[in-house]
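The values are calculated or read from the model by the stated rules, or taken from the named source; none is laboratory data. What you are looking at is a predicted structure, and each value in this text was computed from that prediction instead of being measured. Reconstructed Cβ throughout: ideal geometry from the backbone, glycine too, with neighbour counts over all protein chains shown. Only protein heavy atoms, including side chains, enter the accessible area calculation; ligands, DNA and RNA are left aside. Shrake-Rupley method; radii C 1.70, N 1.55, O 1.52, S 1.80 Å.
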Amino acid sequence: MPNPKRRHSKMRKNSRRAHHFLTAPTLGTCPQCHHKKLPHNVCQECGYYKGREVIDTKA
Amino acid sequence: MRHLNSGSKLGRQPAHRRATLRALVTNVIIYESICTTIARARAARPLVEHMITLGKRDTLHSRRQAAAFLMTPLATKKLFADIAPRFSQRNGGYTRIIKAGYRFGDGAHEAILELVGYKLKKKETKKKEKVEEAEPAETAKAKA
């Protein structure tokens, strides 16, 4: 089986991992309850989407 | 190559997939609004619309075609008697998919698949139920 010939330095390792990061989701504000909500999704706080209630959040 | 780009297989074999889609369509007809995953909603949507088209055609043959696909006779009855007449003025676009965030358990992206014109029945009806519950109790007391 092929094996690594040389050890990778910390710099090489860290440089490779420089692109490993999380990005925050884009959030909008619900016009109904002014909580943060995902765009094009039902508001999880009040259950409204496009001005009408579509899911019962109290259930 | 655009191989396998049309429609979703939903990770199922053909018979299983057909059964899943029939169940979804039947439930949309019965409940008028269901919450499922986006992939399932998108796969079931054209089938629901086709069922409503069959309902609007309203012939013996179309009724048999619908009954062969839907899982319960009650759903077929509701489709032809209740749902199809509602959409007599609308040419297609009978359903709506609304994205509903991510499921807690497995992180699946959920969606609501509903018939256009569906209005949410709120839980406020609980008050009425309480009143109804109270009344029989009183009559029971009166009888006693």
Item to check | Selected residue [at pLDDT 95 or above, out of contact with any strand residue (DSSP E or B) (no Cβ under 7 Å at 6 or more places or on another chain), away from chain A (no Cβ under 14 Å) and surrounded by fewer than 12 Cβ atoms within 10 Å (Cβ to Cβ)] from B:THR76, B:THR53, B:THR59 | outcome: B:THR59
Checklist entry - Residue check, B:VAL48 against (1) surrounded by fewer than 17 Cβ atoms within 10 Å (Cβ to Cβ); (2) in contact with a helix residue (DSSP H, G or I) (Cβ under 8 Å, 6 or more places away or on another chain); (3) within 16 Å of B:LEU113 (Cβ to Cβ), all met but one. Which one? => result (1)
Item to check | All positions within the stretch B:82-112 that are in a strand (DSSP E or B) and over 23 Å from B:ARG57 (Cα atoms) | outcome: B:ILE97, B:ILE98, B:LYS99, B:ALA100, B:GLY101, B:TYR102, B:HIS109, B:GLU110, B:ALA111, B:ILE112
Checklist outcome for this item: Of the residues in the stretch B:38-59, those that are assigned to a helix (DSSP H, G or I) and within 19 Å of B:SER88 (Cβ to Cβ) come to B:VAL48, B:GLU49, B:HIS50, B:MET51, B:ILE52, B:THR53, B:LEU54, B:GLY55, B:LYS56, B:ARG57
Checklist entry - Which one is farthest from the chain's Cα centre (by Cα), of the residues in the stretch B:91-117 that are aromatic (Phe, Trp, Tyr) and more than 9 Å from chain A (Cβ to nearest Cβ)? => result B:PHE104
Next on the checklist: Pairs please, first residue from the stretch B:90-116 and closer than 24 Å to B:GLU49 by Cα and open to solvent by 50 Å² or more (accessible area, probe 1.4 Å), second anywhere and assigned to a strand (DSSP E or B) and among the acidic types (Asp, Glu), Cβ atoms under 6 Å, 6+ apart in sequence or on different chains.
Outcome noted: B:ARG96/B:GLU114
